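Read-outs throughout are calculated quantities, based only on the coordinates presented, and are distinct from any laboratory measurement. Quick caveat, the model's predicted, so the values are computed rather than measured. Using ideal geometry, Cβ is built from the backbone for each residue, glycine included, and neighbour counts are taken over all protein chains shown.
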Amino acid sequence: MASRLMWASRAAASRLRISTLVHPRLFSSSEIPKELKYADSHEWVRAEGKSATIGITDHAQDHLGDVVYVELPEVGAAVTQGGSFGAVESVKATSDINSPVSGKVVEVNEELNSSPGLVNSSPYDKGWIIKVEISDEGEMNNLMGPNDYSEFCDKEDAAH
């Protein structure tokens with residue numbers, strides 16, 4: 001099917017873009033923002049000084065399917081690197097959300113209460129889950145960069 005779609009895009013190159021035709025998993029590295037760090041449990045973190053925004057990756061939401069509920073922690077709750085702070089429920093499964101860094105929750109994305117699908121449609125922007133005040137910035141060194149995360153996902157997908 002992909003080859004047929006690629007042929008179609010070549011035939012109409014002036015009007016079509018291949019990225020809109022071929023399944024996005026074939027271009028996984030383009031979906032992985034370069035400015036973020038990644039945990040092997042498929043959460044991302046955007047750190048700005050001692051402030052960190054956390055969500056689940058596009059890879060994770062793709063495997064989960066349509067998200068129907070996000071369990072959010074309370075503002076003020078402590079999170080630890082690798083520890084669970086909430087859950088994402090989809091039509092396929094419920095999965096824990098683990099924090100890529102330790103710290104204190106300073107904000108939760110309340111919009112997910114009424115629109116949990118933002119985790120699917122905008123995992124790196126509107127679908128963020130929590131904001132944390134980081135207690136140990138050195139923990140960022142334990143996380144993967146975009147290239148390592150892309151390789152990690154490829155190996156994980158090949159194993160399944």
### Message
What's the ranking of 134-146, 78-90 by average number of surrounding C-beta atoms within 10 Å, highest first?
### Response
78-90, 134-146
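Averaged over every viewing direction, what's the projected area of the C-alpha convex hull for the stretch 74-160? Give it in nm², one decimal, please.
In nm², the orientation-averaged hull projection of the stretch 74-160 is 6.6.
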### Query
Hey, can you rank 39-45, 106-112 by average C-beta count inside 10 Å, highest first?
39-45, 106-112
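On full extension of the chain, what length is gained from Val68 through Ser114, given 0.36 nm per residue of separation minus the C-alpha to C-alpha distance?
Extending this stretch completely gives an extra 15.6 nm.
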